[in-house]
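The values are calculated or read from the model by the stated rules, or taken from the named source; none is laboratory data. Everything quoted here is computed from the prediction, not taken from an experiment. As a convention, Cβ positions derive from the backbone with ideal geometry for all residues, glycine included, and neighbour counts pool all protein chains shown.
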Amino acid sequence: MAQQETVLPRAAAKTNSPERKPWYYELSPQVAVNMGILVLFLIAMLYLMPTGQVADAGFRIQYLERSIEQIERENQLLRTRIAQASDLRVIEENARKRLGMVPAERLHFAQLPQSAQQLQLPPHDNTDEADLPFSNRWDLIVEQYHALFGGEASQ
């Protein structure tokens, strides 16, 4: 014989098992209040963290601005000192008092020999001296020395 399956209507199947409520209905009032306080605390922290960071950045900006002002004052003081030290009267006074310098009484000029004053250099041709080997340039230097001073160049 074939076995017959018994099919119960759905309404009958539901009545056999107790109905479950969601987990948040089963919480006690104290746990619900504590969770509410925790949620409010987290929201407050999320609000206050950026505010604290903005305040901290504001304090850092004020500190840097004060530092900039102080450095600008120091720079202005140094510019004033440089201007005072660059005054020719101050330089002369320091040279006389601290270094013992005095103005020159007579000026001496070096005189070129008469032969050097009459020296006529050859006109410059298109040959670049950098293209010449060193020995050729040395020969030119020796020739000019002989022409100017008439003596022997030490080699």
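Report, ordered by the first and then the second residue, all pairs with beta carbons closer than 9 Å, sequence separation of six or more or different chains, a first member in segment 61-88 that is under 30 Å from Pro103 (Cβ atoms), and a second member that is surrounded by 10 or more Cβ atoms within 10 Å (Cβ to Cβ).
From segment 61-88, the pairs are Gln84/Val90; Ala85/Ile91; Ala85/Asn94.
Any idea which of Leu48, Leu38 is modelled with pLDDT under 85, surrounded by 10 or more Cβ atoms within 10 Å (Cβ to Cβ), assigned to a helix (DSSP H, G or I) and not small (Gly, Ala, Ser)?
After applying the criteria, what remains is Leu48.
Just name the residue that is modelled with the highest pLDDT out of those in segment 78-116 that are polar (S, T, N, Q), farther than 30 Å from His146 by Cβ and surrounded by 10 or more Cβ atoms within 10 Å (Cβ to Cβ).
Thr80
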